[in-house]
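The values are calculated or read from the model by the stated rules, or taken from the named source; none is laboratory data. These numbers come from a predicted model, not from an experiment. Here the Cβ positions follow ideal geometry from the backbone for every residue, glycine too, while neighbour counts run over all protein chains shown. Surface areas here come from the heavy atoms of the whole protein model, side chains and all, with no ligands, DNA or RNA. Shrake-Rupley method; radii C 1.70, N 1.55, O 1.52, S 1.80 Å.
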Amino acid sequence: MKAGIIFSPDPVYMNPFIKRLIQENGDKITCVVKTNGSILQKKSLKLKIDYFFSLLLILGGWKFFSNLFKVVKYNLVGDSSIEKLCKKKNIKYIEVETVNSEETKKILKKEAPEIVFNQSQHIVKKDVLTIPKYGMFNRHGAPLPFYRGRLAPFWQILNNEKSGGITFHFLNEKIDDGQIIIQKPLPIDKKDNFNSLVAKMFDNAVMLFPEVLELIEKGEFPEQDESEKGSYFHSPRFKNALSFRLKLIKKSFRGK
């Protein structure tokens, strides 16, 4: 099976993840499409400031400024490593404005991937979803249908979950919805913080990717309980992040 990848660039988490997928599954990938835009573009200045300080509390000072440096560097000088890797692997690499653009539709029809792995920050419209033979699928850092929404690892730690998970699922026009392809439970250890849990989820996503493609080709998916409505969480606000940071501080004192 030949797969396409669509992603929104992020030098901290997403770009390294996409590179690992290409490095380990290059023979299964026919095209890689990078979209422009950010989840912050349409937010008001107040919400942008709230998000900035929320991340500072969630990540911790050192990690936050380390990530900020990577983002600033990326925006100033760029990074062509994914494009170069695609060229080395003989994979078509294209940049578009959004996942729903006419250009994206033309690319998918021309390159004809049988399935597309979407890691863009846009909700994909039906006329794009239906182009690939098997549709499109997504990776989510939670055991769906629970913890739909933004920054699931953050909410799982804040809510004292002992176990989280990673889910690969087909896309539809709803948020974190669609037929589940595979799930893997992941323990949330006492020493886990947002950074370590996110790293654990991306590591497992890379390992699961070939199995996901195989399951899609075979059409073997788990039965789903349609009565389970699950849960949805919005992007953390400053008050949520403050509660999170205080929880970690209390945990560190108890550990001593």
Based on this model, can you work out whether residue 111 counts as in contact (Cβ under 8 Å) with a residue 40 or more places away in the chain, surrounded by fewer than 14 Cβ atoms within 10 Å (Cβ to Cβ) and under 30 Å from residue 127 (Cα atoms)? no
Of the conditions (1) open to solvent by 40 Å² or more (accessible area, probe 1.4 Å); (2) assigned to a helix (DSSP H, G or I); (3) among the aliphatic types (A, V, I, L, M); (4) more than 24 Å from residue 235 (Cβ to Cβ), the single one that residue 47 does not satisfy is (4)
For segment 216-236: of the residues being touching a residue at least 60 places away in the same chain (Cβ under 8 Å) and assigned to a helix (DSSP H, G or I), which is surrounded by the fewest Cβ atoms within 10 Å (Cβ to Cβ)? 217
Expected output for segment 13-27 (first residue farther than 18 Å from residue 195 by Cα, partner open to solvent by 60 Å² or more (accessible area, probe 1.4 Å) and outside any helix (DSSP H, G or I), Cβ below 9 Å, 6+ apart or cross-chain) is 22/89; 23/89; 26/89; 26/90; 27/89
Just give me the residues in segment 227-256 being over 24 Å from the mean Cα position of the chain (by Cα) and more than 30 Å from residue 45 (Cβ to Cβ), in sequence order. 227, 250, 251, 252, 253, 254, 255, 256
Count of residues meeting criterion [open to solvent by 40 Å² or more (accessible area, probe 1.4 Å) and among the polar types (S, T, N, Q)] in segment 114-150: 2
Across segment 175-187, the tally of residues that are without any contact (Cβ under 8 Å) to a residue 40 or more places away in the chain, surrounded by fewer than 19 Cβ atoms within 10 Å (Cβ to Cβ) and farther than 19 Å from residue 213 by Cβ stands at 2
Would it be correct to say that residue 213 is more than 14 Å from the chain's Cα centre (by Cα), without any contact (Cβ under 8 Å) to a residue 24 or more places away in the chain, buried (at least 20 other Cβ atoms within 10 Å of the Cβ) and within 26 Å of residue 20 (Cβ to Cβ)? no
I need the full set of residues from segment 157-206 which are under 22 Å from residue 55 (Cβ atoms) and in a loop (DSSP other than H, G, I, E, B), in order please. 159, 160, 161, 175, 176, 188, 191, 192, 193
I need a count of the residues in segment 124-170 that are touching a residue at least 40 places away in the same chain (Cβ under 8 Å) and hydroxyl-bearing (Ser, Thr, Tyr). 2
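If you check residue 239 against the conditions, is it part of a helix (DSSP H, G or I), within 25 Å of residue 56 (Cα to Cα) and open to solvent by less than 90 Å² (accessible area, probe 1.4 Å)?
No, not satisfied.
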